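Written below as structure tokens is the structure these notes are about.
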Amino acid sequence: MRELSETEFHRYARHLILDEVGEEGQAKLLEARVLIVGAGGLGAPVSMYLAAAGVGTLVLVDDDTVDLTNLQRQIVHATDSVGRPKVDSAAETLSRINPGVHFETHRLRVTEDNVAGLVDGCDVAVDGSDNFATRYLLNDACLAAGVPLVAGALSRFEGQLTTIVPGEGRPCYRCLFPETPDPSLTPRCEEAGILGAVAGVIGTLQAVEALKLILGLGEPLAGRLMLYDALSASMQEVRYRRRPDCPSCGDR
């Protein structure tokens with residue numbers, strides 16, 4: 001087990017006094033490697049909380065640049081970051097939060113050719129993307145590599161969250177969404193709008209799921225889809241099962 005420095009003892013003191021975390025758990029976090037796809041509405045709170053928690057290496061992937069319209073919800077970026085690559089802006093902010101964390105930045109779009117390399121060596125992957133093509137690619141790559149995937153999505157005043165844990169008959173993202181939904185039913189934020197703080201709610205829950213997976217705590221949202229409605233201040237849970245005919249994790 002890695003020994004914590006005196007500075008780390010002070011920085012992570014509130015983790016260390018949790019019996020479920022302690023020095024051993026914090027050492028796991030410091031040695032962990034997490035892939036975060038998207039440095040936007042979801043990726044911002046995810047990356048900030050994982051950096052603050054001391055996750056040793058954060059792999060940030062996004063091909064976009066910061067736009068003024070992003071700042072209403074993408075809190076890892078600032079006004080003077082407009083026009084900069086999101087991964088560079090995010091890494092700069094996160095390094096100020098915790099200079100002990102190592103950041104790998106990739107200014108690119110996830111494709112069939114690069115997704116396996118991005119997932120390789122990671123303990124957890126977090127999907128903060130905004131399209132089903134990327135979600136399916138991450139799902140399949142994580143299944144192949146045996147890496148848990150925490151997936152979130154946003155629209156207007158609502159958000160959803162689930163965790164894909166490969167193996168043992170558990171379902172995957174394609175079991176939940178076998179086919180890409182009609183685009184009119186799943187408009188992107190620039191089309192439908194989004195209450196900024198909703199991204200913070202879902203992104204923070206994604207960070208909690210990632211930390212639980214690294215630490216081996218509690219029950220992940222495997223086979224469960226959490227639905228958050230900000231207007232009614234309510235959360236619902238929908239259970240889903242592995243589909244025997246699933247092209248990703250099915251019997252064939």
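The values are calculated or read from the model by the stated rules, or taken from the named source; none is laboratory data. Every value quoted in this text rests on a predicted model; they were computed, and no experiment measured them. Note: ideal-geometry Cβ built from the backbone for every residue, glycine included; neighbour counts use all protein chains shown. Just so you know, the surface numbers come from the protein's heavy atoms only, side chains and all, with ligands and any DNA or RNA stripped out. Shrake-Rupley method; radii C 1.70, N 1.55, O 1.52, S 1.80 Å.
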Exercise. Using a 1.4 Å probe, how large is the accessible area of Glu24, given in Å² and rounded to the nearest 10?
Worked result: 110
Seminar exercise, completed: Under 13 Å by backbone N from the virtual spin label 7 Å along Cα-to-Cβ at Ile97, the residues of region 191-212 are 200-201, 203-208, 211
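Hey, got a sec? Which trypsin sites (Lys or Arg not before Pro) in region 1-84 land in a DSSP loop and have at most 16 other Cβ atoms within 10 Å?
The qualifying sites are Arg2.
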For this session: Take every DSSP beta bridge with both residues inside the chain and express the antiparallel ones as a percent of the total, to the nearest 5.
Result: 50
For this session: Sort region 9-119 into rounded, prolate or oblate with this rule: let a ≥ b ≥ c be the square roots of the eigenvalues of the Cα gyration tensor; rounded if a/c is under 1.5, and if a/c is not under 1.5, prolate when a/b is larger than b/c, oblate otherwise.
Result: oblate
Seminar exercise, completed: Ranking Phe103, Ala145, Asn131 by how far each Cα lies towards the positive end of the charge dipole of the chain (+1 on Lys and Arg Cβ, -1 on Asp and Glu Cβ), the top one is Asn131
Exercise. When DSSP beta bridges are limited to those with both residues in region 17-133, what percentage is antiparallel, rounded to the nearest 5?
Worked result: 5
Seminar exercise, completed: Placing each pseudo-label 7 Å from Cα in the direction of the beta carbon, Ala133 and Glu112 end up separated by a distance in nanometres of 1.1
Exercise. Which one of Gly25, Gly41, Gly250 is farthest out on the positive end of the charge dipole of the chain, using unit charges on Cβ (Lys, Arg +1; Asp, Glu -1) and the Cα centre as origin?
Worked result: Gly250
Problem set entry | Added length on full extension, which subtracts the Cα-Cα distance from 0.36 nm per residue, Thr204 to Ala192 | 2.1 nm
For this session: Please report, to two decimal places, log10 I(q)/I(0) for the chain at q = 0.07 Å⁻¹ as given by the Debye formula with identical point scatterers on the Cα atoms and no solvent.
Result: -0.22
Exercise. Relative contact order (percent) for the chain, with alpha-carbon contacts under 8 angstrom and 6 or more residues of separation?
Worked result: 19
For this session: Put one equal scatterer on each alpha carbon of region 123-252, apply the Debye formula with no solvent term, and list log10 I(q)/I(0) at q = 0.12, 0.18 1/Å to two decimals.
Result: -0.44, -1.00
Problem set entry | the chain - mean residue ellipticity at 222 nm from DSSP helices (-39,500 (n - 2.57) per run, n ≥ 4, rounded to 500) | -10000 deg cm²/dmol
For this session: Quote the FRET efficiency, to the nearest 0.05, computed for Glu20 versus Arg224 with a Förster distance R0 of 25 Å and r equal to the Cβ-Cβ distance.
Result: 0.75
